[in-house]
1. Report the Cα centroid-to-centroid distance between the range B:41-112 and the range A:39-62 in angstrom, as an integer.
2. Tell me, what HN-Hα J-couplings in whole Hz come from the Karplus equation 6.51 cos²θ - 1.76 cosθ + 1.60 at θ = phi - 60° for each residue of the range A:74-86, using x for Gly and Pro?
3. Compare the peptides B:90-96, B:66-72 by average per-residue count of other Cβ atoms within 10 angstrom and give them in order, highest first.
4. For peptide A:99-105, compute the average count of partner chain beta-carbon atoms within 10 Å of each residue's beta-carbon.
5. Net charge within 15 Å of B:L88 by Cβ-Cβ distance, Lys/Arg positive one each and Asp/Glu negative one each, not counting B:L88 itself?
6. Which pairs in the list A:K68/B:K57; A:K36/A:K67; A:K67/B:K69 are over 29 Å apart, alpha-carbon to alpha-carbon?
7. Can you sort A:F88, A:F50 so the residue with the fewest Cβ neighbours within 10 Å comes first?
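Derivation of every value follows stated rules applied to the coordinates shown; laboratory data play no part. Keep in mind that this is a model prediction, so the values were computed, not measured. Cβ: placed from backbone, ideal geometry, glycine included. Neighbour counts: every protein chain shown.
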Amino acid sequence: GEDVEQSLFLSVREGDSSVINCTYTDSSSTYLYWYKQEPGAGLQLLTYIFSNMDMKQDQRLTVLLNKKDKHLSLRIADTQTGDSAIYFCAEMLSDYKLSFGAGTTVTVRA
Amino acid sequence: EAQVTQNPRYLITVTGKKLTVTCSQNMNHEYMSWYRQDPGLGLRQIYYSMNVEVTDKGDVPEGYKVSRKEKRNFPLILESPSPNQTSLYFCASSLQGSITEAFFGQGTRLTVV
């Protein structure tokens, strides 16, 4: 199958770290992505990781990839109110197609 | 400014009345695609196009048509809309499929009554 699964909701206090988890099914996926969708807007690519990497860090964002378990996570350090959004995990399938998860709605509370 | 433009942003229509949602990109991208976003289901691909005159079905193509006569435009056509096509639609484009960054439009919220 081509299912990408992620939890639907996450609530986090401002200043804390957020961790969003995702599992995917296609072991041949070469790229895995995290997209952010702010209210009323389209999707914006946050970061991506190549399948031969275990970790990628980009400022406040850390992506961890466990290829054996097909598990991907996104950690946002020092979460801010502007981080409130829906976050989508996506895998690139071999035929130029992105398969998205259902999205995790992150709510940052003061 | 590099962008993907969809029109209209909001549309309410009646069952069976043909409609077209336009999508235009100004980045000279070869690859374009349409998705629908439904609560709890994420984004599902409807159709995609690798280049001019090259289109293919995605995961949920039933009830939709597309055309790619020019590189910049990729309209989505609903010949006979039904209420189960009420959804939020996104157009996306990229240089080479999903290997590079996909740029998304702002979305079109369609309601079919």
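1. 23 Å
2. 10, 10, 10, 7, 6, 4, 10, 4, x, 7, 5, 4, 9
3. Highest mean packing first, the order is B:90-96, B:66-72.
4. Per residue, the average neighbour count from other chains is 4.
5. On the way: positive: B:R9, B:R36, B:R44, B:R109; negative: A:E38, B:D38.
Within the 15 Å Cβ shell, the charges total +2.
6. Numbers: A:K68/B:K57 31 Å; A:K36/A:K67 23 Å; A:K67/B:K69 40 Å.
The pairs that break the limit, which is 29 Å between Cα atoms, are A:K68/B:K57; A:K67/B:K69.
7. In increasing order of surrounding Cβ atoms, one gets A:F50, A:F88.
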